[in-house]
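Some notes on the structure that comes next.
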Ligand code: GLN
């Protein structure tokens, strides 16, 4: 029999329904896996008592024939989501001991659907990063290794703990958030599936804010089907988030069977970067061929403002972050460092001790681009360019139904690589940030291995609130790729 930790979420759901396994057995296997692989540092907090209590409740409902959609499914929650009574840190010293008195809407929905809480996963501090090396709780190790090279690799970021936990089989799925790629890039680096839905699809209420006009929650899972199952339960209108969209949530899983026959797939020429690794280009061509074989038609398209997306993002995101992070003042939340003096001294001492280097860098950039004299030149200009990037997509979606691109410009890198200057790190997000700026859905699907045996992802972008098409295209890629490589470090 397959080890419980090797089941997909859909398989576990079927096994639970058929009573071939209990929620208790499933959760115990995952807790043992978390313990066995604790050196990955994927979790900041593990909640075994809570997990066992959730599993007992799920088993009782299943026994009574009252199973809920996710009853008994062990999940991990990115530590950016507030969870009642469970420390929620955003991987920052400033929230290191913060225990929220409330639950994020997304996690509340998952618990209401019967899911089991295994704990909170590690991330880049305040979700700022692409390598999970900015966490105040230490970096996360990617369960994958390069062939013939034993160095630890990064899992991507900022949702590196969630991605590593899913890849290493420490949970059946995890929540994540994506402001500029933090779901899709770590999914690509760990051979998992990650979808950032349309802005407004999932409530942001109770999620620690990074850049509010860009932040979106979504799932990381091992298959496209599992991601579809999770996204449905995470989505929906929430009156507590004024940007949450009051639109119906489709049965994303049902869309998977529809295939891609007749779909028009766009291939944007601007995503073909100078000096792009030949294996990334080859993977992209392979994806095009797979979709053609599955009955889609391929169209060359242009998204002319793509080259401005990264600089625009690195103005808008820090600007919003500098404003959002003003609330950590030593008075209302988390850490308080008093060294005498007046209120300004309290702020300085608390924020100086509480924020790491990358967060401080973002606050400085954000404050600068918003300051009098620079606002028009940087922030306002960036907002205008953002509108042009959105318009590029509007034009493209008159011609095509979905867009295919690589997910990342490289595979996972070693811890310490790309760290000499921040801009090298920011380049990781070149393919992912346009979807955040335009508010559009995007998924990363594992599509192959690079020459050193590491996973690479393809990205599918769709129209606003058309995650169904995104899932259909992703399912076609998944089926054609037959990606069955396994990370070297994993449970069972
Ligand atoms: N890597 C990007 C950044 O550092 C994106 C992070 C994210 O999506 N949360 O801002």
*asked:* Please compute the Kirkwood hydrodynamic radius over the chain, one decimal place, Å, based on all pairs of different Cα atoms.
replied: 22.3 Å
*asked:* At q = 0.14, 0.15, 0.18 Å⁻¹, what log₁₀ I(q)/I(0) does the range 324-470 have when each alpha carbon counts as one equal point scatterer in the Debye sum?
replied: -0.96, -1.02, -1.14
_Potential extension, residue 237-residue 35 segment - 0.36 nm per residue separation minus Cα distance_ = 69.1 nm
_Could you check the spin-label model distance between residue 360 and residue 281? Points 7 Å from the Cα along Cα→Cβ, value in nm._
4.2 nm
_Additional length obtainable on full extension of the chain from residue 297 to residue 326, 0.36 nm per residue less Cα span_ = 5.6 nm
*How far is it, in nm, from the label point at residue 387 to the one at residue 342 when both lie 7 Å from their Cα along the line to the Cβ?*
4.1 nm
*State the dimensionless ratio Rg/Rh of the range 141-189 (Rg: radius of gyration of Cα atoms; Rh: Kirkwood radius).*
0.99
*asked:* Counting other beta carbons within 10 Å of each residue's own, what order do 429, 251 fall into, fewest first?
replied: 251, 429
*Using only the alpha-carbon atoms of the range 351-420, report the extent along each of the three principal axes, biggest first, to the nearest angstrom.*
51, 40, 19
*Order of 276, 234, 1, 128 from fewest to most other C-beta atoms within 10 Å?*
1, 276, 234, 128
*Percent relative contact order of the chain, based on C-alpha pairs within less than 8 angstrom and at least six residues apart?*
18 percent
_Hypothetical label at residue 417: residues of the range 136-150 whose amide nitrogen lies under 13 Å (7 Å Cα-Cβ projection)_ = 142, 144-150
*Please give the peptides 469-482, 283-296 ranked by average Cβ packing (other Cβ atoms within 10 Å per residue), highest first, as a rough proxy for protection.*
469-482, 283-296
_Extension gain from residue 380 to residue 150, taking 0.36 nm per residue of separation minus the Cα-Cα distance_ = 78.1 nm
*May I ask you to give the average projected area over all directions of the convex hull of the Cα atoms of the range 244-323, in nm² rounded to one decimal?*
8.7 nm²
*Considering only the chain, what is the antiparallel percent among its DSSP beta bridges, to the nearest 5?*
65 percent
_Equivalent ellipsoid dimensions for the range 152-288 as semi-axes, Å, which come from the Cα gyration tensor, largest first_ = 25, 20, 17
*In nm, spacing of pseudo-spin labels at residue 3 and residue 53 (7 Å Cα→C-beta vector)*: 3.0 nm
_Diffusion constant of the range 294-357 at 37 °C, which comes from Stokes-Einstein with the Kirkwood Cα-pair radius and 0.692 mPa s, µm²/s_ = 213 µm²/s
*Percent of Cα pairs exceeding the 12 Å cut-off, where the set is the range 329-377*: 65 percent
*Going out from 0 in 5 Å bins, what whole percent of all Cα-Cα distances in the range 43-199 drops into each bin?*
2, 11, 18, 21, 19, 14, 8, 4, 2, 0, 0
*Using only the Cα atoms, work out Rg/Rh for the range 1-110, with Rh taken as the Kirkwood radius, to two decimals.*
0.99
*Burial ordering of 46, 247, fewest other beta-carbon atoms within 10 Å first*: 247, 46
_What whole-number distance in Å separates the alpha-carbon centres of the range 360-404 and the range 16-62?_
42 Å
*Work out how far the C-alpha atoms of the range 146-224 reach from end to end along every principal axis, then list the three figures in whole Å, largest first.*
43, 22, 18
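Read the figures in this text as sums done on the coordinates, not as results from a lab. Note that the structure is a prediction, hence the values are computed from the model and not measured. Cβ: placed from backbone, ideal geometry, glycine included. Neighbour counts: every protein chain shown.
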